[in-house]
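S.K.: Can you read through this structure? Questions will come right after.
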Amino acid sequence: MSLKQKVTVKVPASTANLGPGFDTLGMALSLYAWLEMKPAEQTSFHLHGDHLTGLPTDKSNLIYEVAQMVFNEAGVSVPELEISMLSNIPLTRGLGSSASAIVGALAAANALIGTPLSDAKLLDMATSLEKHPDNVGASLYGGIIAAAWDGHHVDHIRIEPAQDLEALVIVPDFQLSTTKARGIIPQQFGMSDIVHNISRSSLLVAALSSGRLDMIHKAMSDRLHQPYRASLVPGMAEILEHAVDHGALGAALSGAGPTVITFVDRHSQRKNELEQYLIDTMGREGITATAMWLDPDLDGVTVLPDQDETPFLHRVKGDVNA
């Protein structure tokens, strides 16, 4: 085993489902978390930023637990770790915060011991924790991921996003647990709803693969989860129906929500109109929200160059401003 002194990784946020691709389609976004991991005499945590407030700072922390899974899988022992993390990804908002933490921990721990595990193995491990491959696949590989999970292994294809594709997300100022958002979905569906989603999901993958941005709106239609989750996110139903009238290519609930994502042609002259429409629509429901313009992330999780003894926050803030 080649144990490094420390490893720092950068991992992107993600959006899942993209409308009809429930638990199957994901896209990485240019919103990031940074994680530094190094062997230590005693485990300690340094969590920076408002989005990590209240998380455990002992060995029950998810980052530590996931790292130990990597070490166990590789047959090595690194029982004590010093872990530093800064995240710009809001917690429980539908932007893959837990997936980014899992992927970041897997990649950092794997790199720390000389990268004995393949990316495919890391994806299987991440999916076994998340129970669906869309967010973790996107954060691991970047771009757009179409994936299938059989309970043991993930088969996936990465799609390179069209250069003109841009995302505008509207992040409401309240949290929504994935458990609650999943619990509201029926366990059985009629044949017409199933065919509707299969056809739209297939069309969406074809549109994204071929750069047919004009087909995105009709392809993003969903009947399996968004109609039921609409009651949990005031203003969502209105946005899904009418965002295209204000310049969007299409709109969807991001993951389990409450964030709503719209896709835009980056050359559109209606960006300001769309942003104002989203803010106003949430506002009419009494919901304050933040709008963020994001690009598809193309790289996925990356190991940053070692900068000797440069402090974690200094190194990370340099990356943020790069």
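S.K.: Would you check which residues across segment 255-276 are touching a Lys or Arg at 6+ places or on another chain (Cβ under 9 Å) and in a loop (DSSP other than H, G, I, E, B) and list them?
M.R.: Initially, segment 255-276 is screened for residues touching a Lys or Arg at 6+ places or on another chain (Cβ under 9 Å), giving 255-259, 264.
Answer for segment 255-276, where residues must be touching a Lys or Arg at 6+ places or on another chain (Cβ under 9 Å) and in a loop (DSSP other than H, G, I, E, B): G255, A256, G257, P258, T259.
S.K.: Can you say whether P39 is closer than 27 Å to L208 by Cβ and not charged (D, E, K, R), as far as the supplied structure shows?
M.R.: When the stated conditions are applied, P39 does not pass them.
S.K.: Does I63 satisfy being of a type in the set (A, V, I, L, M, F, W, C) and either part of a strand (DSSP E or B) or at pLDDT below 95 (or both)?
M.R.: Values: of a type in the set (A, V, I, L, M, F, W, C): yes; either part of a strand (DSSP E or B) or at pLDDT below 95 (or both): no.
Against the criterion (of a type in the set (A, V, I, L, M, F, W, C) and either part of a strand (DSSP E or B) or at pLDDT below 95 (or both)), I63 does not qualify.
S.K.: If you go through segment 277-318, how many residues are surrounded by 19 or more Cβ atoms within 10 Å (Cβ to Cβ) and assigned to a loop (DSSP other than H, G, I, E, B)?
M.R.: Looking only at that region, the number is 3.
S.K.: Further question: For the condition modelled with pLDDT of 95 or more, over 30 Å from L232 (Cα atoms) and charged (D, E, K, R), what is the one hit in D299, D306, D265?
M.R.: Residue meeting the stated conditions: D299.
S.K.: Any residue in segment 83-106 that is over 30 Å from L18 (Cα atoms) and crowded, with 19+ Cβ neighbours inside 10 Å?
M.R.: Looking for residues that are over 30 Å from L18 (Cα atoms) and crowded, with 19+ Cβ neighbours inside 10 Å, one finds at least one in segment 83-106, hence yes.
S.K.: Another one. Scan segment 256-274 residue by residue and report those that are over 17 Å from L208 (Cα atoms) and open to solvent by 10 Å² or more (accessible area, probe 1.4 Å).
M.R.: Selection gives A256, H267, S268, Q269, R270, K271, N272, E273.
S.K.: F71: over 29 Å from E241 (Cα atoms) and not in a helix (DSSP H, G or I), yes or no?
M.R.: No; evaluated as a whole, the condition is false for this residue.
S.K.: Hey, can you tell me all the residues within segment 30-56 that are more than 11 Å from N88 (Cβ to Cβ) and either open to solvent by less than 10 Å² (accessible area, probe 1.4 Å) or among the acidic types (D, E) (or both)?
M.R.: Scanning segment 30-56 gives L35, E36, M37, E41.
S.K.: Which residues, taken from segment 217-239, are open to solvent by less than 40 Å² (accessible area, probe 1.4 Å) and of a type in the set (A, V, I, L, M)?
M.R.: A219, M220, L224, A230, L232, V233, M236, I239
S.K.: Is it the case that L176 is more than 15 Å from N17 (Cα to Cα) and without any contact (Cβ under 8 Å) to a residue 60 or more places away in the chain?
M.R.: So L176 fails the test.
S.K.: Further question on the same structure: Could you please find all residues in segment 111-132 being within 15 Å of the chain's Cα centre (by Cα) and either assigned to a loop (DSSP other than H, G, I, E, B) or free of Cβ contacts under 8 Å to residues at least 60 places away in the same chain (or both)?
M.R.: Matches in segment 111-132: L123, A126, T127, E130, K131, H132.
S.K.: Here are the criteria: (1) in a loop (DSSP other than H, G, I, E, B); (2) within 26 Å of L52 (Cβ to Cβ). Tell me which single one A108 does not satisfy.
M.R.: (1) is the only condition that A108 fails.
The values are calculated or read from the model by the stated rules, or taken from the named source; none is laboratory data. As the structure is a computational prediction, the values presented were derived from the model and not from experiment. Glycine gets a Cβ as well: all are built from the backbone with ideal geometry, and neighbour counts include every protein chain shown. The accessibility values were calculated without ligands, DNA or RNA, using every heavy atom of the protein model including side chains. Shrake-Rupley method; radii C 1.70, N 1.55, O 1.52, S 1.80 Å.
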